[in-house]
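Just below is one structure, and these are the notes that go with it.
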């Protein structure tokens, strides 16, 4: 809980996964609406193609966008690990020296 309140543990990657599923679902629903509305009296073949492309390509585009956002958090985690490792190495190479009494 301490890591949550000090912002050391990020919750956004979990939220992004949820947003991916919602975005993919909306793309499929939007594609279905576009496809079936093109089958009506005033529909055309272009609307059907757009609907099918939205169903097929939409979730992939949403996935790519979500992966780019998560990539920033992975970079942050990796840099934090590197910083921690460097501090460990630095403390082993330069042990604290005793201060002379005043």
>> For Cα pairs less than 8 Å apart in space and 6+ apart in sequence, what is the mean separation divided by the residue count of segment 2-88, i.e. the relative contact order in percent?
In response: 29
> Against the longest principal axis of the chain, how steep is helix 12-37, in degrees 0 to 90 to the nearest 10, with axes from Cα atoms?
Replying inline: 10
> Among 72-82, 33-43, how do they line up from the highest to the lowest mean number of other beta-carbon atoms within 10 Å?
Replying inline: 33-43, 72-82
> Per-residue ellipticity at 222 nm for the chain, helices alone: DSSP H runs ≥ 4 residues times -39500 (n - 2.57), over residue total, nearest 500 deg cm²/dmol?
Replying inline: -27500 deg cm²/dmol
> Helix 45-93 versus the longest principal axis of the chain: what angle, 0 to 90°, nearest 10, using Cα atoms?
Replying inline: 0
>> For segment 2-88, what are Rg and Dmax over the alpha carbons, in angstrom?
In response: 20.0, 71
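No value in this document is a laboratory result; all are computed from the given coordinates. Fair warning: this is a prediction, and the values are worked out from it, not measured in the lab. Cβ atoms come from the backbone with ideal geometry, glycine included; neighbour counts cover every protein chain shown.
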